Amino acid sequence: MDFATVLQVLDSTVRLATPLLLACLAGLFSERSGIFDIGLEGKMLFAAFFSAAIAAVTGSVWLGLLAGIASSMALAGIHGLASITFRGNQLISGVAINFLAAGLTVVIAQDWFQQGGRTPSLLGGARFGPLTLPFAETLRDVPVFGPIYHDLISGHTILVYVAFAMVPLTWWVLYRSRFGLRLRAVGDAPEAVDTAGVSVIRMRFTAVAICGVLCGVAGAYLATALQAGFVKDMTAGRGYIALAALIFSKWRPWYALSATLLFGLLQAVALRYQNIEMGGFVLPVQVMDALPYILTVVILAGFVGRAIPPRAGGSPYVKEQ
Amino acid sequence: MDKMPRWADIVLIPVFSLVLAFLLSGLVIVAIGEDPVAAVKLMVTGALGSTYGWGYTLYYATNFLFTGLAFAVANHARLFNIGAEGQATLGGLGVAFVCLAIPWPHWALALPAAIIGGALFGAAWAFLPAWLQAKRGSHIVITTIMFNFIGASLLNYMLVNVMRPTGSMDPATARFPPGAHLPTLHDLLAVFGIPFSKAAPANISFLVAIAACVLVWLLIWRTRLGYEIRAQGHSEPAAVYAGIRPVRIVVLAMLISGALAGCMAVNNVMGEAERLVLNAVEGAGFIGIAVALMGRSHPFGVFLAAILFGFLYQGGAELALWTTIPRELIVVIQALVILFTGALDNMVRMPLEKLFLSMRKGRG
Amino acid sequence: MPGADTAEGRQTAAPAIELRGISKAFGPVQANRDISLKVMPGTIHGIVGENGAGKSTLMSILYGFYKADAGEIFVGGQKTLIPDSQAAIKAGIGMVFQHFKLVQNFTVLENVILGVEEGARLKASLAKARGSLKRLAEEYELNVDPDAKIEDLSVGHQQRVEILKALYRQADILILDEPTGVLTPAEADHLFRILDNLKAEGKTIVLITHKLREIMAVTDTVSVMRRGEMTATLETATTSPEELAELMVGRKVLLRVDKKPAQPGQTVLEVEDLHVTDEDGVARLKGVSFHVRAGEILGIAGVAGNGQSHLLEVLGGVREATGRIRVNGQDIDLTGKHSDGRSRRARGIAHVPEDRQRQGLVMAFKAWENMILGYHHDPAYQKNRFLMDNAAIRTESAASMQRFDVRPPNPNLAARNFSGGNQQKIVLAREIERSPDLLLVGQPTRGVDIGAIEFIHQSILDLRDAGKAILLVSVELEEILSMSDRIAVIFDGLIMGERLPDETDEKELGLLMAGITDTEAPPDFETIEAALDAAAGPGDAPHG
């Protein structure tokens, strides 16, 4: 494998890790507040469709992004209603949201565009284009650093940079801000937050809304940046991989970055090489596909450090009598 | 006193939720410019208006019966087995192994063997998540989701690299030997002189599924194991106090659940496709969740809900054929049913409870 | 209410808190009915009452945790609406709940600032709180390491964090709900010193408890609640524990149970050098030995949390242990497959657990299903190899519910639909009807109405008189004294000594419960003081 190939694989890693990272951070906000969310997949899918549809109709990718975020937030609202207001089962709500998105996107796409559940291909301003960072061209010929800067760091869409910037931002919010303190508290001991005079319901709804926004960006990235338009089931399990990454990272932002980059790398390798030869032994592509899930099971089994979710996670808050 | 009579809890609330789900689906149909009344008519004639329609309805219902029962059994132990999809996938592998192992002389021999093969593989796929939950506290929802994906990759690998007949480009196994072909409802009813569509895939597995319903009912409400599963599901401390070992119950409940899901392959793989193909389960594992939630985890409720979803599936296919309404509308209905009967249960329940309370107060 | 009037007559300032006509219902249960109360500033006011009398509900209303159905609240003479905790905090009310409301994996500092941070960034808030905590710690003997994580602190220290939280929020009125339930006597003593310091600084304190000795020791005025109503408000100095007890239960309290002298027979249970370490690696039993004979009741006295629960669970097969236990002369397994509840029952051990709602019953199960919990393998309940005989179980359950006066005697009703006393009768019926050689009973009358208490006590005595061995664990000293034929006192995982009920009193038992044996040289004056306090029964408490 030469240097250029390595760069290509890494470049593709960054692209593939971006939606995972956004969705993973989305899940982080929600689950840190005590609301489990297996509906990341559905929210991303919903956002992917609406961003592509609106971008296709208006020709503006920015309007598309907004539509994506709004649609994802609508689903987040249902999840909040079910799991916070009506104290329903958060897992069941998540499952329902995934199916709702899977079904509605195709039904609406078919009715709207009549292209077998797709949106038209996005062109020009209806898609996020690559940004060339300053001096990328001039530095291109500097050995080692030049190609890294030009090929790997520069040339992504704005959403990629947004996603990566979200990591330190999330860290700061979580550990250095009032909101973060309350967020962490509400996921671990909602009764402490309640008696401290802070509304548990408002905190959790806020967290779920942030989750909606980030899933919306993730979905919009899929349909308007990574690819040019929506196709049926285009999230292809990314929401679940993000969930796996969230557990893998033990609900912490910097670890989330590492986990999603790792899973992105696995996807990039699987995409580029079908079967990998390892000293006479052929590693089939299916193993690469399954590896994120297998790794997560190993983590969950507690063999590589224990993943302890927020203590109040998954259970609705009820004042005790 | 309970806030509501029992019948309201087990009949009224699911029906109410269902009505809500249907109303919203009707709105979707209106929104895409079709006539919901006509759509319902089309669905009814398509799914129930002919033995052909019934044949498909019952075929789908059979799948959902198995996965619905699978979810229900685990749910009695408060285990959220979201992995029926993967367990049914693996069940397919087990059934395929059995069917391809020897040139079966007669289906009556192949059927029990296939049931055992499917059940074993399905149970095996549920074992590790169960064990990890029981012994290491790994959340079973997440592990079973992961196992769904791992199972899909495994099937993909097996079909592409191992079980594909040489020379075939299709990622599927060879056709099963004729001795492993199950009698369809057409064949069975012909014995009694009742005409039934020859083309529909409903087969003897439907009877197997009904038998499974009865067995699950006996298991849950008439056996010690069922008693222990329910006790554990309602209160683990009480179960431990009573000398019930949670690890044993978690593992057993999940093995039974996985085995039931695995048995689905007898219907779709052995009974219909007569070979194993990619994505043979087609989401039936997840529909099991909706079916079990609707059916309140009771085998009879599961039976009714499975028939309903069988009807929706066949009716949906007919809709897609004759109107601009795509098949995915059924996925929407399924999602709404799960949402209302599962997650938004309280939204439906609270007003009804208030109603019953005020009625009781009014009486005395 | 004559008492309230005297309190008002004495002081002219506006009451720190005044409640007028507070009512609150949970569904059909009237938790508070038309309650009025005045608490004067700079005093410690006690509220006593039995479990379920409505004390906690009333205070939760005052703290904005629940919304009253009717009534008004005045703080410092001003009518105040308290729709949520935020409003209560604003009005200067702080509350220390019975179950602490702390974030376990936060530091003390983080817990203190939660909800009252200054601005969006934490840094300034943390710095400010650090300074304030230091001042408060010095002022009120409230020393806690501000950077310690809550999960690493002892219960007593966690309680101090709760008090600090309230003081940091500038609370002038502090409500403490059953603050000593989880404390050792020494910790409780420290708490009362803190309360005195707070009072000296002009703070108003409301102390909710069901322990009369605490009321007598620290309060200035006291209100008594019974069945959701405020039955009296008195000056502590002018009342007596007997009077309060009578007001609490509404009639003269039967202090002794009528019972025949025990006729002990063969030794049924022998426990030798029993050790238990809990899930967190804490040693809970540190070498416990005792025996129980047929036809006698051995009472285990002790402050909650000293290992008696673990002892019951080991004997009942819920928990593993090391050491040696013999039943009727034969060893029973303490670890592994044959140490579970099923094996215990097979050896003639029946177990009425301390927490009937969590352990003793499956609340969603019908009464008849609960009547076989733990005995469901009994051949009598099986129709054949595979199926159970539900009809037979129902019939038997109905009969045995009749015998134990369970109301209503309907085996098809879910356990959660019975009252606390009737739930306990279901458990007792199940365990006693099998005529076990050894009955383990934990807190038999906790949360049980007075009427049922006598029945429950009588059932246990009947079993004793039928020649069975009984191990009774209770944190109610009075119950231990009246029921037991011998009393063993447990402290910090060790049996401190055994006494005969006729040859001991609450004072001596209290000393043992505080870990002080007669032979041992007294550790220091303070501990004795605390232990004496802990031991002081209703009869001879120091009058405040």
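Label the stretch C:175-327 by shape, choosing from rounded, prolate and oblate, from the square roots a ≥ b ≥ c of the eigenvalues of the Cα gyration tensor; if a/c is under 1.5 it is rounded, and otherwise prolate applies when a/b is larger than b/c, oblate when it is not. The shape class here is oblate. Across chain A, the relative contact order, built from alpha-carbon pairs under 8 Å that are at least six residues apart, equals 34 percent.
Using only alpha carbons, the stretch C:267-504 has a radius of gyration to Kirkwood radius ratio (Rg to Rh) of 0.96.
With a 10 Å cut-off around each Cβ of C:112-121, the average count of Cβ atoms from other chains is 5. Summing +1 for each Lys or Arg and -1 for each Asp or Glu among the other residues whose beta-carbon sits under 13 angstrom from that of C:I194 gives -4.
Multiplying each eigenvalue of the alpha-carbon gyration tensor of the stretch C:120-215 by 5 and taking the square root yields semi-axes of 24, 16, 11 Å, largest first, rounded to whole angstroms. The H on the amide N of C:M225, modeled in the peptide plane, is under 5 Å from the matching H of C:V48, C:G49, C:T231, each at least 5 residues off or on a different chain.
With R₀ set to 56 Å, the beta-carbon distance separating A:S258 from C:R193 gives a calculated FRET efficiency near 0.65. Applied to the stretch C:219-230, the Karplus parametrisation 6.51 cos²θ - 1.76 cosθ + 1.60 on θ = phi - 60° returns per-residue 3J(HN,Hα) values of 8, 9, 10, 9, 10, 10, 10, 9, 6, x, 10, 8 Hz, with x for Gly and Pro.
Counted over the stretch A:20-136 with a bin width of 5 Å, the fraction of Cα pairs per bin, in whole percents, is 2, 12, 18, 20, 17, 13, 9, 6, 2, 1, 0. If you take the square roots of the eigenvalues of the alpha-carbon gyration tensor of chain B and sort them as a ≥ b ≥ c, do you get rounded (a/c under 1.5), prolate (a/b over b/c) or oblate? Oblate, because a/c is 1.5 or more while a/b does not exceed b/c.
Potential lengthening of the chain between A:T58 and A:W172 amounts to 37.4 nm, from the contour at 0.36 nm per residue minus the alpha-carbon distance.
Given a Förster distance of 30 Å, report the FRET efficiency between C:Q402 and C:R326 from their Cβ-Cβ distance, rounded to the nearest 0.05.
Working: r = 37 Å, r/R0 = 1.22.
With a Förster radius of 30 Å, E is 0.25.
Under the shape rule built on the C-alpha gyration tensor, where the axes satisfy a ≥ b ≥ c, the protein assembly as shown is prolate, since a/c reaches at least 1.5 and a/b is greater than b/c.
Per residue of A:78-85, how many C-beta atoms from partner chains lie within 10 Å of its own C-beta, taken as a mean?
3
Here's how it looks for A:G117: its modeled amide H is under 5 Å from those of A:Q110, which are all 5 or more places away or on a different chain. The spacing between the stretch A:251-275 and the stretch B:294-333, judged by their C-alpha centroids, is 38 Å. Based on the convex hull around the alpha carbon atoms, the stretch B:15-83 presents an average projected area of 6.4 nm².
Between C:L494 and C:K286, the built amide H atoms are under 5 Å apart, and every one of these is 5 or more places off in sequence or on another chain. Cβ crowding within 10 Å, taken as a proxy for footprinting-reagent exposure, orders C:K211, C:K24 from fewest neighbours to most as C:K211, C:K24. The mean sequence separation of alpha-carbon pairs under 8 Å and at least six residues apart, normalised by the residue count of chain B, gives a relative contact order of 34 percent.
Where does the charge balance sit around B:T62 when Lys and Arg score +1, Asp and Glu -1, over other residues with C-beta under 15 Å from its C-beta? With Lys, Arg at +1 and Asp, Glu at -1, the net is -2. What the phi angles of the stretch A:37-46 give under the Karplus curve with 6.51, -1.76 and 1.60, with θ = phi - 60°, is a coupling list of 9, 9, x, 4, 4, x, 5, 4, 5, 4 Hz, glycine and proline written as x.
Within 9 Å, Cβ to Cβ, of A:A218, how many net charges do the neighbouring residues add up to if Lys/Arg are +1 and Asp/Glu are -1?
On the way: positive: A:K43, A:R238; negative: none.
With Lys, Arg at +1 and Asp, Glu at -1, the neighbours total +2.
Taking the helices alone, the protein assembly as shown has a mean residue ellipticity at 222 nm of -16500 deg cm²/dmol, built from -39,500 (n - 2.57) per DSSP H run of at least 4 residues and averaged over all its residues.
Placing pseudo-labels 7 Å out from each Cα toward the beta carbon at C:E476 and C:F26 gives an inter-label distance of 2.0 nm.
Taken over chain A, the convex hull of the Cα atoms encloses 147 Å³ per residue. Across the stretch A:93-104, computed HN-Hα scalar couplings (Karplus, 6.51 cos²θ - 1.76 cosθ + 1.60, θ = phi - 60°) run 4, x, 4, 4, 5, 4, 6, 4, 5, 4, x, 4 Hz from first to last residue, x flagging Gly and Pro. Take the Cα of B:V160, step 7 Å toward its Cβ, do the same at B:L355, and the gap between the two points is 5.3 nm.
Normalised by 2.2 N^0.38 Å, where N is the number of residues, the alpha-carbon radius of gyration of the stretch B:242-355 equals 1.31.
Each peptide in C:422-432, C:506-516 gets a packing score, the mean of other Cβ atoms within 10 Å over its residues, and the list from highest to lowest is C:422-432, C:506-516. A Förster distance of 41 Å, applied to the separation of the beta-carbon atoms of B:L12 and C:A391, puts the FRET efficiency at 0.90. The alpha carbon centroids of the stretch A:158-173 and the stretch B:8-64 are separated by 45 Å. Take the Cα of A:L152, step 7 Å toward its Cβ, do the same at B:R175, and the gap between the two points is 5.4 nm.
Under the definition of Cα pairs under 8 Å and six or more residues apart, what whole-number percent is the relative contact order of the stretch A:1-147? Intermediate values should be presented prior to the final figure.
Working: 148 pairs, mean separation 33.2, N = 147.
Taking the mean separation of contacting Cα pairs over the length of the stretch A:1-147, I get 23 percent.
P(r) for chain C, from all Cα pairs and a bin width of 20 Å, is 20, 50, 28, 2 %, short bins first.
Only the coordinates and a few stated rules stand behind these numbers; no lab work does. Note that the coordinates shown come from a computational prediction; the quantities given were computed from them, not determined experimentally. Heads up, the Cβs are rebuilt from the backbone with ideal geometry, glycines too, and the neighbour counts pull from every protein chain shown.
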